[in-house]
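Read through the structure below, which is laid out as structure tokens, and then see the notes.
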């Protein structure tokens, strides 16, 4: 497991150890090393995972449970993940009244579409309407769009716009819980790389933002460098396009 995809960041550094929680967030945020379900089972039964390359006999990465004091001892940031497989839907002119969001996402739920990030804009006092944007797998856009359009009168929105030219970058690390300034450094790195932010989502160990797809690689490299994750040892080797 590396601090970023070596195909995007050739200077990515191999992690000797990472917690189940960090690995779950990396996997859910676009890292292709382990399936989230695999990590969930390992965490549930506290079974350590040794992730190794089948092309090398070198020591790999241990995915383990977090023990007392780990947050203080470990590196602040575990890695930077990115995802190109999502799209964005913006529902324009939604009435800013109780129940509007529920009606919208009930329609999406009936289509069995999984949603990732959600942002609701501040409503205009004069018009009393707002815009709601959310991200979802690109493959599910058509189903979600049909479901929302079928309930247009019930939801009461004015228009619907889809956008599949987006990318998501996520910064992940358990050390965020006990270290200040992580968000400031993250957004400063994106600013210095001229990367515009369209959506923001956070948890206690993750910051994710949506940006233009063509700026995603630039954003990943900028954030990776800003947090001192680059290796000078040439640790990342890509075998046959595997990304490992």
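The values are calculated or read from the model by the stated rules, or taken from the named source; none is laboratory data. Owing to the predicted nature of the structure, the values given are computational and were not obtained by experimental measurement. Backbone-built Cβ (ideal geometry, glycine too); neighbour counts: all protein chains shown.
State yes or no: is residue 129 touching a helix residue (DSSP H, G or I) at 6+ places or on another chain (Cβ under 7 Å) and buried (at least 18 other Cβ atoms within 10 Å of the Cβ)? Against the criterion (touching a helix residue (DSSP H, G or I) at 6+ places or on another chain (Cβ under 7 Å) and buried (at least 18 other Cβ atoms within 10 Å of the Cβ)), residue 129 does not qualify. Screening residue 227 against (1) in contact with a helix residue (DSSP H, G or I) (Cβ under 6 Å, 6 or more places away or on another chain); (2) buried (at least 18 other Cβ atoms within 10 Å of the Cβ); (3) farther than 16 Å from residue 30 by Cβ leaves a single unmet condition, (1).
Once segment 106-126 is narrowed to residues that are buried (at least 19 other Cβ atoms within 10 Å of the Cβ) and assigned to a helix (DSSP H, G or I), the residue that is nearest to the chain's Cα centre (by Cα) is 108. Selection of segment 158-178 for residues being modelled with pLDDT under 95 and over 20 Å from residue 15 (Cα atoms) yields only 178. Counting only helices (runs of 4 or more DSSP H) that fall entirely inside segment 1-88 and contain at least 1 residues that are in contact (Cβ under 8 Å) with a residue 60 or more places away in the chain and closer than 21 Å to residue 115 by Cα, the qualifying elements are 20-28.
In summary, strands (runs of 3 or more DSSP E) completely within segment 162-221 and bearing 2 or more residues that are in contact with a helix residue (DSSP H, G or I) (Cβ under 8 Å, 6 or more places away or on another chain) and closer than 16 Å to residue 30 by Cα occur at 166-172, 206-212. Residue-level check: of (1) surrounded by fewer than 16 Cβ atoms within 10 Å (Cβ to Cβ); (2) touching a residue at least 60 places away in the same chain (Cβ under 8 Å), residue 165 misses just (2).
With respect to the stated conditions, residue 134 fails to be within 23 Å of the chain's Cα centre (by Cα) and either free of Cβ contacts under 8 Å to residues at least 24 places away in the same chain or part of a helix (DSSP H, G or I) (or both). Suppose we filter segment 137-148 for residues that are closer than 18 Å to residue 209 by Cα and in a helix (DSSP H, G or I); how many remain? Number satisfying all stated conditions: 1. Checked against the criteria, residue 181 counts as out of contact with any strand residue (DSSP E or B) (no Cβ under 6 Å at 6 or more places or on another chain), within 18 Å of residue 77 (Cα to Cα) and surrounded by fewer than 17 Cβ atoms within 10 Å (Cβ to Cβ).
Among the numbered conditions (1) closer than 25 Å to residue 24 by Cα; (2) over 18 Å from the mean Cα position of the chain (by Cα); (3) crowded, with 16+ Cβ neighbours inside 10 Å, the only one that residue 140 does not meet is (2).
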